[in-house]
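Colleague: First the structure, then my questions, so here it is.
What follows draws every value from the coordinates through simple rules; no lab data is involved. Only a predicted model underlies this, so the values are computations on that prediction, with no experimental measurement involved. With ideal geometry, Cβ positions are generated from the backbone for all residues, glycine too; neighbour counts draw on all protein chains shown.
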Amino acid sequence: MNDYARRIAEELDVRVSQTAAAIELLDQDNTLPFIARYRKEATGGLDEEQLRQLSARLDQLRALDERRQTIMASIEEQGQMTPELLQKLLAAETRTELEDLYQPYKPKRRTRAGIAREKGLEGLAELILEQARTEQSLQELAAPFLSEEVSTVEEAWAGARDIVAEVVSDHPEVRGGVRERALRWGLLGCQKSDKAEDPREVYNLYYDFEHKVDRLRPHQVLAINRGESEGVLRVGLELAEYDWKAVIDAHFRPQEGSPLAGQLALAIEDGAQRLLLPAIERDVRRLLTEQAMAHAIEVFAQNLRGLLSQPPLAGYKVLGIDPGYRTGCKVAVVSPTGKVLDTVTMYPHPPQREWERSLEILADLVRRHRVKLVAIGNGTASRETEQLVAELIERFKRVRYLLVSEAGASVYSASPLARAELPDMDVSMRGAVSIARRVLDPLAELVKIDPRSIGVGMYQHDVEQKQLQEALGGVVESVVNQVGVDLNTASPALLTYVSGIGPKLAKRIVAHRNRHGPFRRRQDLLEVSGLGPKTFEQAAGFLRIREGENPLDGSAIHPESYSAAEALLDLADAAMDMAPERRQAALDRLRQVISPQELAAELGVGLPTLQDILEQLVRPGRDPREDLPPPVLRSDVLSMDDLEPGLRLKGTVRNVVDFGAFVDIGVKQDGLLHRSQWPQGRRPEVGEVIEVEILNVDPDRGRIGLGWAGLT
């Protein structure tokens with residue numbers, strides 16, 4: 001573990017003691033959110049992102065060592081291990097280095113070189129590799145190797161060259177050197193293939209494309225891969241001959257004056273073209289793909305974090321509309337707690353065109369349920385439905401509306417969870433309920449959907465799905481635990497992501513709540529079947545009980561620190577039932593007369609824990625999303641005709657990709673905030689409300705160019 005701690009500490013630029021403590025805590029089955037929040041003293045305050053990087057690197061290093069042991073055992077079994085090779089294997093720091101060293105010893109399918117060895121030609125191959133100076137002719141040198149299986153001199157030399165070609169191709173330093181040059185100076189080229197049509201010219205940028213490998217952007221790599229897999233593109237890697245020959249010559253140079261120089265030159269050319277360069281091309285393409293996938297997953301994860309962190313709009317009755325043409329618009333009204341109050345289907349759009357009738361339906365729902373907020377799904381017919389809602393608002397001036405991403409709503413609607421929550425409701429109507437609930441609490445609703453279906457990424461179907469799922473699951477877990485979860489109202493989907501719980505325990509917690517009523521104390525969790533002390537330790541601090549027996553149960557203070565929190569209140573002559581302002585004033589007075597260090601020592605806690613307790617005593621259970629700007633609520637509809645350069649608007653970031661961010665500014669088409677318009681070091685986040693300036697409008701192509709005017 002110490003070696004791992006040292007290496008990771010160097011990479012993360014933190015102290016070895018911090019990484020060693022974090023590794024020990026991880027090995028004791030503590031979750032990342034728990035370690036980040038409640039073990040700051042041990043880790044020196046490593047944040048959750050650092051801990052995730054540490055955990056991922058630890059897994060990589062352990063997998064590398066596991067592979068190292070497998071390779072060493074294989075070579076030992078073959079009787080090929082030498083002290084020098086062992087030293088190189090132990091010193092290898094990457095999987096690629098290990099595999100290069102293993103390549104000559106890796107069991108292979110029956111190759112031309114293998115067949116030549118079976119015919120007894122290895123000794124002749126060794127003569128080629130030695131480049132001996134001799135007076136003997138090629139015929140004389142080959143004569144001892146002729147047999148029933150090798151009947152001619154040329155057959156003998158051809159077999160020997162096959163062996164040499166494989167030796168050259170498998171040489172670790174040759175492979176490593178050629179790969180390094182290919183990654184630096186190689187050219188990746190694409191041409192249009194005749195195998196498949198591209199009617200929409202999706203890949204027209206790559207019909208005649210050539211780019212240096214080290215300059216390729218991740219989205220280009222993934223687009224090229226997809227075009228190749230669909231048969232539209234032919235892709236190849238080109239490396240100049242002098243680049244690969246220079247590397248080989250450093251290890252296998254034909255010697256002038258040796259009658260075997262020509263044989264070595266032929267073997268090198270054959271080995272390079274038939275074995276080495278194709279293998280290097282596969283390696284480079286694989287490395288490019290891995291890097292591009294890692295980038296795409298990172299972008300998806302960042303976007304998902306922004307989406308899940310959007311502030312809730314508490315206290316509203318929401319009318320949700322899932323727009324549609326032929327099958328109509330599904331409408332659902334939900335209470336501030338998400339309870340379904342009413343549902344109806346209306347048909348304002350073609351082919352029925354019941355515009356006035358639909359207006360009356362909406363007006364009746366608004367009047368009867370006193371609705372002040374309308375949420376419109378942003379899919380098919382959304383902008384036409386927006387026009388309908390704009391007319392409604394002319395009658396009800398207090399009503400506002402907003403567009404809501406409906407990505408994943410159909411996935412949720414048909415899921416077992418939706419059937420359990422809304423058993424008597426039509427599948428299509430469940431989408432409208434989901435859209436309405438997303439406004440009240442985006443996090444609580446979106447956790448019900450597979451993160452891969454939420455649609456805030458790019459090329460998500462082209463990346464390794466297990467890695468994507470793990471990364472996105474980590475984001476959901478992180479956000480859920482940062483926000484905290486109300487134990488008495490949370491769905492099983494939300495509880496699943498609480499530190500230490502998981503799907504099975506989440507269902508048991510809800511079943512226990514349904515049988516025995518609301519939890520009154522955090523400690524009551526231990527009565528849930530299968531939930532033991534370790535799980536309680538991991539989960540308790542992230543679960544909230546509002547208006548329970550102990551006010552501290554509604555805070556992020558961990559039960560293990562209750563005694564310290566209560567002692568702190570006693571020292572400050574304060575209490576949890578005080579008004580927050582009075583409690584804060586009492587705590588402030590205490591901090592004026594005793595230093596944080598002395599206070600922490602008296603309470604028996606570390607400084608980070610003391611700081612967390614003080615924050616929670618002032619604002620128990622604070623939702624970090626409350627500090628973000630609320631969504632943009634609109635009362636009128638803009639069209640592209642209303643836009644002109646210089647106009648400033650508030651917009652909501654809908655998606656962020658490599659080349660820019662798409663921003664909803666209230667017209668039919670999202671505007672593009674190109675990355676060249678981003679302030680230096682500033683990346684917009686999905687769900688963020690920003691002020692933008694119209695730079696240009698192209699109505700014919702439906703394109704809007706935006707500049708970043710500032711944050712709201």
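Colleague: Could you tell me which residue out of Pro278, Ala265, His295 lies farthest along the dipole of the range 119-296 toward its positive end? Charges go on the beta carbon: Lys and Arg +1, Asp and Glu -1, centred on the Cα centre.
Modeller: Projecting each Cα onto the dipole axis, the largest value belongs to His295.
Colleague: Next up: Relative contact order for the range 640-711 using alpha-carbon pairs under 8 Å, separation at least 6, rounded to a whole percent?
Modeller: It comes to 36 percent, rounded to a whole number.
Colleague: Once you put a point 7 Å from the Cα of Glu238 and another 7 Å from the Cα of Ala265, both along the Cβ direction, what distance in nm separates them?
Modeller: Distance between the two pseudo-spin positions: 2.5 nm.
Colleague: Once you charge only the Cβ atoms, +1 for Lys and Arg and -1 for Asp and Glu, what is the size of the charge dipole of the range 656-712 about its Cα centre, to the nearest 20 debye?
Modeller: Using Cβ point charges on Lys, Arg, Asp and Glu, the range 656-712 gives about 120 debye.
Colleague: Distance check, please: which entries in Lys448/Lys534; Lys108/Lys245; Lys108/Lys192; Lys106/Lys195; Lys40/Lys504; Lys40/Lys650 exceed 32 angstrom between their Cα atoms?
Modeller: Lys108/Lys192; Lys106/Lys195; Lys40/Lys650
Colleague: If you place +1 on the Cβ of every Lys and Arg and -1 on the Cβ of every Asp and Glu, how big does the dipole about the Cα centre of the range 341-479 come out, in debye to the nearest 20?
Modeller: 540 debye
Colleague: While we're on this one: What GluC sites (Glu not before Pro) in the range 533-588 are in a loop by DSSP, with at most 13 other Cβ atoms within 10 Å of the Cβ?
Modeller: Here the GluC sites (Glu not before Pro) that fit, given the DSSP loop and packing criteria, are Glu547, Glu549.
Colleague: By average Cβ neighbour count within 10 Å, what is the ranking of 111-124, 74-87 from highest down?
Modeller: The most tightly packed comes first, giving 111-124, 74-87.
Colleague: Hey, which lysines would be in cross-link range of Lys317, C-alpha to C-alpha under 20 Å, not counting anything within fewer than 8 residues on its own chain?
Modeller: Lys330, Lys339, Lys372, Lys397
Colleague: For Arg200 and Arg515 in one chain, what is 0.36 nm times their gap in residues minus the Cα-Cα distance, to one decimal in nm?
Modeller: Difference between extended and current length: 107.7 nm.
Colleague: Less than 14 Å from a label point 7 Å out along the Cα-to-Cβ axis of Glu470: which backbone N atoms in the range 1-32 qualify, by residue?
Modeller: None, by backbone N distance to the label point.
Colleague: Could you give the distance between the Cα centres of the range 417-473 and the range 54-107, to the whole Å?
Modeller: 42 Å
Colleague: Still on this structure, please answer the following. Mind checking the full-extension length gain between Asp627 and Ser428? Use 0.36 nm per residue of separation minus the Cα-Cα distance, one decimal, nm.
Modeller: Contour length minus the Cα-Cα distance gives 68.2 nm.
Colleague: Something else about it: Mind checking which aspartates and glutamates have their Cα closer than 17 Å to the Cα of Lys466? Skip sequence neighbours fewer than 8 apart in that chain.
Modeller: Excluding near neighbours in sequence, the set is Asp59, Glu290, Glu298, Asp450, Glu477.
Colleague: Per DSSP H run of at least 4 residues, take -39500 (n - 2.57); add these up for the chain, divide by its residues and hand me the 222 nm value, nearest 500 deg cm²/dmol.
Modeller: Taken over the chain, the calculation gives -15000 deg cm²/dmol.
Colleague: Please give, to one decimal in nm, the separation of the simple spin-label points placed at Gln69 and Thr380, each 7 Å out from Cα toward the Cβ.
Modeller: With each label placed 7 Å out from Cα toward Cβ, I get 5.6 nm.
Colleague: Moving on to the next point. Once fully extended, how much extra length lies between Glu149 and Arg253, figured as 0.36 nm per residue of separation less the alpha-carbon to alpha-carbon distance?
Modeller: Separation in residues times 0.36 nm, less the Cα-Cα distance, equals 34.4 nm.
Colleague: Only one of the values [x] -0.24, -0.48; [y] -0.54, -0.67; [z] -0.38, -0.68 was calculated from this structure for log10 I(q)/I(0) by the Debye sum over Cα atoms at q = 0.05, 0.07 Å⁻¹; name its label.
Modeller: Label [z] holds the value from this structure.
Colleague: For the range 119-296, calculate the relative contact order in percent as a whole number, restricting contacts to Cα pairs under 8 Å that are 6 or more residues apart.
Modeller: 32 percent
Colleague: Moving on. I'd like the FRET efficiency for Thr337 and Lys534, computed as 1/(1 + (r/R0)^6) with the beta carbon distance as r and R0 of 30 Å, rounded to 0.05.
Modeller: 0.40
Colleague: Under a point spin-label approximation (7 Å from Cα along Cα-to-Cβ), what is the Leu287-Ser563 distance to one decimal in nm?
Modeller: So the two model labels end up 5.7 nm from each other.
Colleague: For the range 643-689 and the range 311-369, what is the separation of their Cα centres, given in Å?
Modeller: 29 Å
Colleague: Can you figure out the FRET efficiency of Arg110 with Glu10, using R₀ = 45 Å and their beta-carbon distance, to the nearest 0.05?
Modeller: Result of the calculation: an efficiency of 0.50.
Colleague: Computed FRET efficiency, Cβ-Cβ of Glu93 and Leu216, R0 22 Å: what is it to the nearest 0.05?
Modeller: 0.30
Colleague: Now for a different question. About its Cα centre, what dipole magnitude does the range 119-296 give when the only charges are +1 on Lys and Arg Cβ and -1 on Asp and Glu Cβ, stated in debye to the nearest 20?
Modeller: Result for the range 119-296 is approximately 960 debye, rounded to the nearest 20.
Colleague: How would you order 186-197, 438-449 from highest to lowest mean count of nearby Cβ atoms within 10 Å?
Modeller: 438-449, 186-197
Colleague: Please report the relative contact order for the chain, taking Cα pairs under 8 Å with a sequence separation of at least 6, and give it as a percent rounded to a whole number.
Modeller: After rounding, I find 10 percent.
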